[in-house]
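The values are calculated or read from the model by the stated rules, or taken from the named source; none is laboratory data. Please read these numbers as outputs of a predicted model, since none were measured by experiment. Backbone-built Cβ (ideal geometry, glycine too); neighbour counts: all protein chains shown.
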Amino acid sequence: MTDPIVAVVLAGGTGTRLYPASRSDRPKQFRSLGGDRSLLAETVDRAGFADEVYVLTRRDLAEGVREHAPSAAVLTEPDPKDTGPALAYAAHRVREQVGDCTLVCLPSDHHIEGDFAGTMTDAAAVAAETDSLVTVGVEPTRPETGYGYIKPGEEAESDSGRTYYPVETFTEKPDQGAAMRYRHHGYYWNAGMFAWTPDAFLREAADTELAPLVDALDAGDPDRGFDAVDPVSVDYAVMEATEDAALVPATFEWDDLGAWDAVARVADTDEDGNAVLGDALTLDAENTVVATDGHASVVGVSDLVVASYGDRTLVVPTDQAQRVREVVSELEEEDLF
């Protein structure tokens, strides 16, 4: 009998680059972004291949998670400190509650079409059979500078015949020239989806800056553990440090709905390339994203994002959508986010 697969959906962030649709009290995972259901609800449904599904979130979002994903168990981390501490906490808690299992770790803000269950089941099998930390790699479709890249090693095969590649290097967000080279030389995008056993992940995390957290979790004192570590992503803390990382290629279409330019890529568009989320009028506009919970009229513009939610409006060139981080940083300093 094989160990169960447990999906852990990460839903503790806010989604700052999708401001003003996302705010501190209205995170993007609760937004639909053009669909009928929230991103979180769609992710939990997508994880239906797993034997059990958990959603990991922060305490003040727990009730919202239960509303959007009533079928999932909810874990609340003591303090939101990015994906490194979050996934260590999830691995420890799920192991306590479920026992031996394989975790598949999924962000709640992805656009996916295709055989997601097949890829993630393969990733879980490779993780269980090789005792490695598996990342799902997406074949690049453009020289994207906003994603991390993974250089694969020589093709290998797990005991059950699944194809995987030992990871040679992780590279964070390259410049345009490097991104073009990486795409040409067979690198993959780092999509932030992982598979591992709790034992394997906690073993590797114990040799990193997350060691005080792992020790405190073993001692039954997660609050002390979170106090002892700084915010850090799982990529920086664990995946770039381990020598036991493997890559399983995705067999589905993928996009990270982290910023407004991604919405422009995946949303339905009119004959002029405009993507409209909500109630809006466009006149002589081209290649523009209009997103609103009221009504917006956009005239004579091109290549813009116009997002208006509540009492907040954002206007930014689509190719500068990543700069919304700067807006949020300014607003946070003034306690206005």
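When you scan region 80-110, how many residues do you find that are crowded, with 17+ Cβ neighbours inside 10 Å and acidic (Asp, Glu)?
The number of residues fulfilling the criteria is 2.
Of the residues that sit in region 176-207 and are aliphatic (A, V, I, L, M) and assigned to a strand (DSSP E or B), which one is nearest to ALA246 (Cα to Cα)?
ALA195
Are any of the residues in region 270-281 in contact with a Gly (Cβ under 6 Å, 6 or more places away or on another chain) and either at pLDDT 95 or above or not assigned by TED's automatic domain parsing to the domain that holds SER158 (or both)?
So far as region 270-281 goes, yes, one or more of its residues are in contact with a Gly (Cβ under 6 Å, 6 or more places away or on another chain) and either at pLDDT 95 or above or not assigned by TED's automatic domain parsing to the domain that holds SER158 (or both).
Within region 1-36, which residues are part of a loop (DSSP other than H, G, I, E, B) and either modelled with pLDDT of 90 or more or touching a Gly at 6+ places or on another chain (Cβ under 6 Å) (or both)?
Of everything in region 1-36, those that are part of a loop (DSSP other than H, G, I, E, B) and either modelled with pLDDT of 90 or more or touching a Gly at 6+ places or on another chain (Cβ under 6 Å) (or both) turn out to be ASP3, PRO4, ALA11, GLY12, TYR19, PRO20, ALA21, SER22, PRO27.
Quick check on ASP3: is it of a type outside the set (A, V, I, L, M, F, W, C) and within 30 Å of GLY310 (Cα to Cα)?
no
Go over the candidates VAL289, VAL324 one by one and state the one that is among the β-branched types (Val, Ile, Thr), modelled with pLDDT of 95 or more, surrounded by 14 or more Cβ atoms within 10 Å (Cβ to Cβ) and in contact with a Phe, Trp or Tyr (Cβ under 9 Å, 6 or more places away or on another chain).
Just one listed residue meets the conditions, VAL289.
Can you say whether GLU168 is in a loop (DSSP other than H, G, I, E, B) and not hydrophobic (A, V, I, L, M, F, W, C), as far as the supplied structure shows?
no
Could you say which residue among GLY161, GLY114 is loosely packed, with under 14 Cβ neighbours inside 10 Å and under 30 Å from ARG26 (Cβ atoms)?
Of GLY161, GLY114, the one residue that is loosely packed, with under 14 Cβ neighbours inside 10 Å and under 30 Å from ARG26 (Cβ atoms) is GLY114.
Residues in region 13-71 that are within 16 Å of the chain's Cα centre (by Cα) and charged (D, E, K, R): how many?
Final tally of qualifying residues: 7.
Report those strands (runs of 3 or more DSSP E) wholly inside region 59-145 carrying at least 2 residues which are β-branched (Val, Ile, Thr).
73-77, 102-107, 133-138
Among the strands (runs of 3 or more DSSP E) lying completely within region 230-307, list those that include at least 2 residues that are of a type outside the set (Phe, Trp, Tyr) and more than 18 Å from the chain's Cα centre (by Cα).
Correct list: 245-249, 275-283, 289-299.
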